[in-house]
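Data first, discussion second: the structure below is written as structure tokens.
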Amino acid sequence: TFDLPETLAGAEPQNTIAEAVSGCELVMVCLTGPDAQKAVYFGDDGIVANIAAGTIIADATTTDPDLSRSISASIAERNASYLDTPVFGSKGEAWAGKLDFVCGGDQSALERLGPVLKPLSATVHYMGPTGSGAMMKLVGNLLVAAQMESLGEALALARKAGLDGDAVMGVFDVTDYSSLLIRNVGRATLAGDYSPSFYLRHMLKDTRLVRAFAGSQDVPVPVTTLIGELYASANNKGLGDLNASAIHKMLFELSGL
């Protein structure tokens, strides 16, 4: 048992997956990756074995698109619907109802889900058949990983050269290469704040998923491959439970900072 925040008043924790999903018309899922999905969906206490016909499963996990398709097929055998609905955004966007959903699966099921997603989202994007949302999430996270790593290199160079951090961020705020990630994470890094909104170890997992997905499409991703190795190194240095931006700590160290 645990204390629920006031904003979740009325929610009732359950002891098993079967109890949580039994009789539900809608089940929303967000897990850490493919291994967690396999554990939660399959088996006697899993979602697949315990959902009712007509249920919609909306899964925001960042995962392997092929696994999304496999789960969807198992859900369809129960006469239920599966949507892969990953999100862009973290804790702040979630609490503010400003997540960006990228969705794959049956479009009519997504339309039924619309009123539920509305208070959670800034935007909702239908990407196509099952797996399309998962694919778009990996395409987007390729860019997230690239921005995060390159921001660390840029800040290391600026700091080593003696540039004032506030002045650097003032430029980053207004240039054509600016982004919300650069503006927010840049300031947090310069303040030494690596408190986790998105764990570094999860970014490592995502770079591996991107590489596997790209390999399945015969698309070379040499920069992402290198970034993945840097994230593996940062994880091995014990930074995995910090924010994904903690790769900057390693880059600063490599720069003699």
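The table that follows gives values for the structure above.
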quantity: Filter result (more than 18 Å from L110 (Cα to Cα), modelled with pLDDT of 95 or more and either assigned to a helix (DSSP H, G or I) or not hydrophobic (A, V, I, L, M, F, W, C) (or both)) within region 38-61; calculated: K38, A39, V40, Y41, G46, I47, V48, A49, N50
quantity: Hey, C24 part of a strand (DSSP E or B), open to solvent by less than 50 Å² (accessible area, probe 1.4 Å) and touching a residue at least 12 places away in the same chain (Cβ under 8 Å) or not; calculated: no
quantity: Search result, residues across region 233-257 that are outside any helix (DSSP H, G or I) and more than 21 Å from the chain's Cα centre (by Cα); calculated: S255, G256, L257
quantity: Matching helices (runs of 4 or more DSSP H) fully within region 86-186 where at least 3 residues are over 19 Å from the mean Cα position of the chain (by Cα); calculated: 107-117, 132-160, 165-174
quantity: Selection status of G228, out of contact with any Leu (no Cβ under 8 Å at 6 or more places or on another chain), small (G, A, S) and either over 29 Å from D166 (Cβ atoms) or assigned by the TED database to the domain that holds G89 (or both); calculated: no
quantity: Condition broken by L83, with the remaining ones in (1) assigned to a helix (DSSP H, G or I); (2) buried (at least 22 other Cβ atoms within 10 Å of the Cβ) satisfied; calculated: (1)
quantity: Residue, surrounded by the fewest Cβ atoms within 10 Å (Cβ to Cβ), within region 229-257, restricted to residues that are over 14 Å from G152 (Cα atoms) and touching a residue at least 12 places away in the same chain (Cβ under 8 Å); calculated: D241
quantity: Candidates D206, D173, D166, filtered to the one that is out of contact with any strand residue (DSSP E or B) (no Cβ under 6 Å at 6 or more places or on another chain), among the acidic types (D, E) and exposed (fewer than 12 other Cβ atoms within 10 Å of the Cβ); calculated: D166
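The values are calculated or read from the model by the stated rules, or taken from the named source; none is laboratory data. All values reported here derive from a predicted model rather than from experimental measurement. Don't worry about glycine lacking a Cβ; one is built from the backbone with ideal geometry, like all the others, and counts go over all protein chains shown. Heavy atoms of the whole protein, side chains included, go into the accessibility calculation; ligands, DNA and RNA do not. Shrake-Rupley method; radii C 1.70, N 1.55, O 1.52, S 1.80 Å.
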